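Undergrad: I'd like to ask some things about the structure below.
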Amino acid sequence: MTDIRNIVVLTGAGISAESGIDTFRSDGGLWEQHRIEDVATPEGFARDPELVLRFYDMRREAILQKRPNPAHDAIARLDAEWQGELLIVTQNVDDLHERAGARRVLHMHGTHLNAWCTSCDARTPWTGPMIDRPPCPVCEARSLRPDVVWFGEMPYEMERIYSAIHRADLFVSIGTSGAVYPAAGFVRDARQLNIETLELNLERSQGSQWFHRSRQGPASQLVPDWVDEMLGTGTR
Ligand code: BV8
């Protein structure tokens, strides 16, 4: 990894799989138990808010019980020691990157740790259930929803992400199926900008053919090895 200064890392559910958090598209994953259009779209929420609030209450509760795994720890070590620019763009709504100590984290699909009030638009830290329609801490209206980006909604901070990609020397994708846009398109943007691209994933993904290099294996092994390579702390 010569003359790499600025890095963009994209993470997906696969980086949290070994922490015991369900991914979306594996066997028994979240999309086997629920239809996307019922629980991860504004239309689904309007149609059956209780179903959606229960789905997110269950996931929020599960996430709060889990802990970061060696892949999150390695990314946090990179964050602490990397002298150049680093942006960790995560599609995940869990906070395991932060709990591992990472700071330069951007949740492009929102976070399970916030409530979003559809009356006053306030976003407030939230760890409890929403099924009982608790009042918004700011305006007291009973109109809270999870602060996550559903299908058909605009991901957060797209400008910041694209400008980081434009400045990057390396784009690394970790634990994502490459099934959902615009995140799945970032590797093509990187290729068009002649940026070095690397994929670390359990198996080949829908985007593997776009990466210069693609390594298959569990994140808890691949990510610490890659961070060692980047920091020159490898034992090899
Ligand atoms: C938007 C938050 C406009 C909520 C999520 C037709 C063509 C192209 C696009 C579209 C289309 N029709 C509609 C669209 C747009 C749509 C889309 O892409 N649909 C897909 C289904 C075709 N996208 C949107 O609606 C987005 N908004 O487009 O707005 C716009 C466009 C451009 C610019 C601005 C605005 C909004 C999408 C966001 C939806 N919200 N999550 C929640 O979490 O509940 S999506 C959710 O699924 C994730 O956040 C992630 O983004 C996505 C994919 O999930 P992954 O993280 O990849 O997880 P998955 O289970 O799929 O894969 C896990 C991977 O890990 C696997 O590869 C597995 O092998 C690997 N793995 C497993 N274990 C391990 C491992 N790897 C390593 N180690 C392990 N141990």
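Undergrad: Put one equal scatterer on each alpha carbon of the chain, apply the Debye formula with no solvent term, and list log10 I(q)/I(0) at q = 0.12, 0.15 1/Å to two decimals.
TA: These q points yield log10 I(q)/I(0) values of -0.67, -1.02.
Undergrad: Of the accessible area of the chain, with the probe set at 1.4 angstrom, what percent is carbon plus sulfur?
TA: Summing carbon and sulfur atoms, their accessible area is 50 percent of the total for the chain.
Undergrad: Note the full-extension length gain between Arg5 and Lys66 as 0.36 nm times their separation in residues minus their Cα-Cα distance, in nm to one decimal.
TA: 18.7 nm
Undergrad: Put Phe151, Phe186, Phe45 in order of accessible area, largest first, 1.4 Å probe: what do you get?
TA: Phe151, Phe45, Phe186
Undergrad: Students often check this: by mean Cβ neighbours within 10 Å, which of 75-82, 140-147 ranks highest, and how do the rest follow?
TA: Averaged packing, sorted descending, gives the order 75-82, 140-147.
Undergrad: In Å², what does the accessible area per residue of the range 154-197 work out to with a 1.4 Å probe?
TA: In whole numbers, the range 154-197 has 46 Å² accessible per residue.
Undergrad: Expressed as a rounded percentage, what relative contact order does the range 111-203 have, with Cα pairs under 8 Å and six or more residues apart?
TA: Taking the mean separation of contacting Cα pairs over the length of the range 111-203, I get 21 percent.
Undergrad: Subtracting the Cα-Cα distance from 0.36 nm times the residue separation, let me have the gained length for Tyr162 to Gln206 in nm, one decimal.
TA: Result: 13.7 nm gained on full extension.
Undergrad: With the convex hull built on the Cα atoms of the range 32-168, state its orientation-averaged projected area in nm².
TA: 9.3 nm²
Undergrad: Pop the C-beta distance of Glu32 and Gln192 into the FRET formula with R0 = 25 Å and round what comes out to the nearest 0.05.
TA: Using R0 = 25 Å, I get an efficiency of 0.10.
Undergrad: Only Cα pairs under 8 Å and at least 6 apart count here; give the relative contact order of the chain as a rounded whole percent.
TA: 23 percent
Undergrad: Accessible area per residue for the range 5-58 in Å², computed with a 1.4 Å probe and the full protein assembly in place, what is it?
TA: Solvent-accessible surface per residue comes out at 47 Å².
Undergrad: Here's a follow-up. Compare the peptides 191-199, 164-172, 6-14 by average per-residue count of other Cβ atoms within 10 angstrom and give them in order, highest first.
TA: Result, highest mean first: 6-14, 164-172, 191-199.
Undergrad: If the chain between Met58 and Cys120 were fully stretched, how many nm would it gain, using 0.36 nm times the residue separation less the Cα-Cα distance?
TA: Extra length available between Met58 and Cys120 comes to 19.8 nm.
Undergrad: Once amide H atoms are placed 1.01 Å from N in the peptide plane, what residues at a sequence separation of 5 or more from Ile174, or on another chain, have their amide H within under 5 Å of its amide H?
TA: Counting only residues 5 or more places away or on other chains, the set is Leu10, Thr11, Gly12, Leu200.
Undergrad: Taking every pair of Cα atoms in the range 124-189, average 1/r, invert it to obtain the Kirkwood radius, and report Rg/Rh to two decimals.
TA: 1.12
The values are calculated or read from the model by the stated rules, or taken from the named source; none is laboratory data. Here the structure is a predicted model, which means the values were calculated and not measured. All Cβ positions, glycine included, derive from the backbone under ideal geometry; neighbour counts span all protein chains shown. Surface areas here come from the heavy atoms of the whole protein model, side chains and all, with no ligands, DNA or RNA. Shrake-Rupley method; radii C 1.70, N 1.55, O 1.52, S 1.80 Å.
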